[in-house]
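One structure below.
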Amino acid sequence: MTEKRIGIFVNYGWLSISPSLVSTIRLLTEDGYFIDVVYLYDEQFGLFEPESDRVNAVAIRNFKNKYLRKCFSLLQLLVSAFRIAGWQKYRFFVGVDQGGVITAGILSKVKKTPYIYYSLEMLTRESIDKTKTAKRLFLRCKKFLETYFSRRADRIIIQDKYRAGFLTEDNMLDKKKILIVPNSFYFLAKDNIDYGISYLQIPLDKKIVICTGTVSPITQIDEIVKSINLWHSDAVFLIHTSYITIYLDEIRQYIEQNKLEHKIFISTKRLNFGEVSSLIRKADIGIALYKSVDMNRHLCPSGKVSFYLAMGIPIIVNDIPILRDFVDEYKCGMYVKTPKEIGEAIRIILNDYSSFCVNASRCYNQELNFPKHFKKVTEYIRGFSQICE
């Protein structure tokens, strides 16, 4: 009988901050599996620290030079995966995104082990065609391999029906293999902590609009900040990120130059998921805006949205398919076309705040409850394993 062991391969460094992947590992270990997870280390995001002794996490030191990193990261992952998995027997492999599924697919051929493709960030043919020639050749090769191995995966996990439709067409996949699992988080009792924010010195009578996660031009933070004078007079903006960037420094400079310190607050402490959840609970509205620079952003229900809704606070989001569905069906927030509309959205939410909060929790429980949706994955793995036995 094959030991209940699963190998997970991740070709980037943000495993530790990926709610979906952390939740996947949590649920698989609860189901009795041992996990070998091989991933590329990135000092910006830190090490992934397993919560269970059933998890063996192997961090691969990556090249600091970005060109070497792009060229050789997949080879590094593949070599390390063979080194770790070569002598073990597995029930399943899970390949995360392009590098992961290529690694899982090659290992599958060698070890005769089935594998699942877990798609979080899509690499589309349309986006490849917009890149420079040298990079385009590399990405086309990567896309070819991703398509080849994704079509041979036993199942494909993807976060919503819109992405599923797009990836199915782009990679010519069998629709019957698709399992939809939202980009969300599996909350445990230990995540329910109280993280104090007195150090931020936000007046107690203010309504906090929070934005968590990466601060970059794609997240439109500069445009949100510039719209602040159109907001409700009682509303303040709290930006939480663990990553100090040049872009964030520019935001700070703008705040100082325009004397907005009483309206905009920035937290840069490195927090775990429980602490981030506590921080969000102290806010009144969660905001998640993205520039539609590629299909990932255009179809994006980001992980932060699931945290906002799980904590029962209304959302302000882009006017994009899946988020528009949430807002229209559950009345859990507002969607806007530009950051200039945020002020009006805040006013509407605050005028009927209790209803929006109830609806936020209802939306999370119906659409984004991770264990409920991931159950179909564990049932498939369990059923497949019983057949093999």
For this session: Being in contact (Cβ under 8 Å) with a residue 24 or more places away in the chain and part of a loop (DSSP other than H, G, I, E, B) is the filter; apply it to the stretch 131-155 and report the residue that is farthest from Tyr115 (Cα to Cα).
Result: Arg152
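Would you point out the residue of the stretch 256-278, among those that are hydroxyl-bearing (Ser, Thr, Tyr) and in contact with a helix residue (DSSP H, G or I) (Cβ under 7 Å, 6 or more places away or on another chain), that is farthest from Leu204 (Cα to Cα)?
If we filter the stretch 256-278 for residues that are hydroxyl-bearing (Ser, Thr, Tyr), which is where we start, we get 267-268, 277-278.
When the remaining residues are screened for being in contact with a helix residue (DSSP H, G or I) (Cβ under 7 Å, 6 or more places away or on another chain), the result is 267, 277.
On the way: Ser267: 17, Ser277: 19 Å.
The selected residue is Ser277.
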Exercise. Taking interchain pairs and intrachain pairs at least six residues apart, which have beta carbon atoms under 7 angstrom, with the first residue in the stretch 169-180 and under 14 Å from Leu145 (Cα atoms) and surrounded by fewer than 11 Cβ atoms within 10 Å (Cβ to Cβ) and the second basic (Lys, Arg) and at pLDDT 95 or above?
Worked result: Met172/Arg151
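Quick check on the stretch 107-114. Is at least one of its residues assigned by TED's automatic domain parsing to the domain that holds Asp31, small (Gly, Ala, Ser) and either surrounded by fewer than 20 Cβ atoms within 10 Å (Cβ to Cβ) or under 22 Å from Ser18 (Cα atoms) (or both)?
Here is the first cut: in the stretch 107-114, the residues assigned by TED's automatic domain parsing to the domain that holds Asp31 are 107-114.
Now narrow it down to the ones that are small (Gly, Ala, Ser): 108.
Still in the list and also either surrounded by fewer than 20 Cβ atoms within 10 Å (Cβ to Cβ) or under 22 Å from Ser18 (Cα atoms) (or both): none.
No - not one qualifying residue is present in the stretch 107-114.
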For this session: Scan (1) buried (at least 18 other Cβ atoms within 10 Å of the Cβ); (2) modelled with pLDDT of 90 or more; (3) aliphatic (A, V, I, L, M) for the single condition Leu230 breaks and write down its number.
Result: (1)
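Would the stretch 18-27 turn up any residue that is more than 29 Å from Asn369 (Cα to Cα) and touching a helix residue (DSSP H, G or I) at 6+ places or on another chain (Cβ under 7 Å)?
Kept after step one, since they are more than 29 Å from Asn369 (Cα to Cα), are these residues of the stretch 18-27: none.
No, the stretch 18-27 contains no residue that is more than 29 Å from Asn369 (Cα to Cα) and touching a helix residue (DSSP H, G or I) at 6+ places or on another chain (Cβ under 7 Å).
Yes/no per residue for (1) loosely packed, with under 15 Cβ neighbours inside 10 Å; (2) more than 22 Å from Lys206 (Cα to Cα); (3) in the same structural domain as Ile221 (by TED's automatic domain parsing):
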{"site": "Gly312", "(1), (2), (3)": "no, no, yes"}
{"site": "Lys337", "(1), (2), (3)": "yes, yes, yes"}
{"site": "Ala345", "(1), (2), (3)": "no, no, yes"}
{"site": "Asp352", "(1), (2), (3)": "yes, no, yes"}
{"site": "Ala360", "(1), (2), (3)": "no, no, yes"}
{"site": "Cys363", "(1), (2), (3)": "no, yes, yes"}
{"site": "Tyr380", "(1), (2), (3)": "no, yes, no"}
Exercise. Does the stretch 76-96 hold any residues that are farther than 18 Å from Ser150 by Cα, surrounded by 15 or more Cβ atoms within 10 Å (Cβ to Cβ) and out of contact with any Ser or Thr (no Cβ under 7 Å at 6 or more places or on another chain), and which are they?
Worked result: Gln76, Ser80, Phe82, Ile84, Ala85, Gln88
Exercise. Is the stretch 207-222 home to any residue that is assigned by TED's automatic domain parsing to the domain that holds Met334, modelled with pLDDT of 95 or more, within 30 Å of Glu51 (Cβ to Cβ) and over 18 Å from the mean Cα position of the chain (by Cα)?
Worked result: yes
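The rows are residues; the columns are (1) assigned by TED's automatic domain parsing to the domain that holds Val305; (2) crowded, with 19+ Cβ neighbours inside 10 Å; (3) under 30 Å from Ala134 (Cα atoms).
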{"residue": "Thr24", "(1), (2), (3)": "no, yes, no"}
{"residue": "Asp36", "(1), (2), (3)": "no, yes, no"}
{"residue": "Phe63", "(1), (2), (3)": "no, no, yes"}
{"residue": "Gly99", "(1), (2), (3)": "no, yes, yes"}
{"residue": "Ile102", "(1), (2), (3)": "no, yes, yes"}
{"residue": "Gly105", "(1), (2), (3)": "no, yes, yes"}
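The values are calculated or read from the model by the stated rules, or taken from the named source; none is laboratory data. Just so it is clear, the model here is predicted, and its values are computed rather than measured. Cβ: placed from backbone, ideal geometry, glycine included. Neighbour counts: every protein chain shown.
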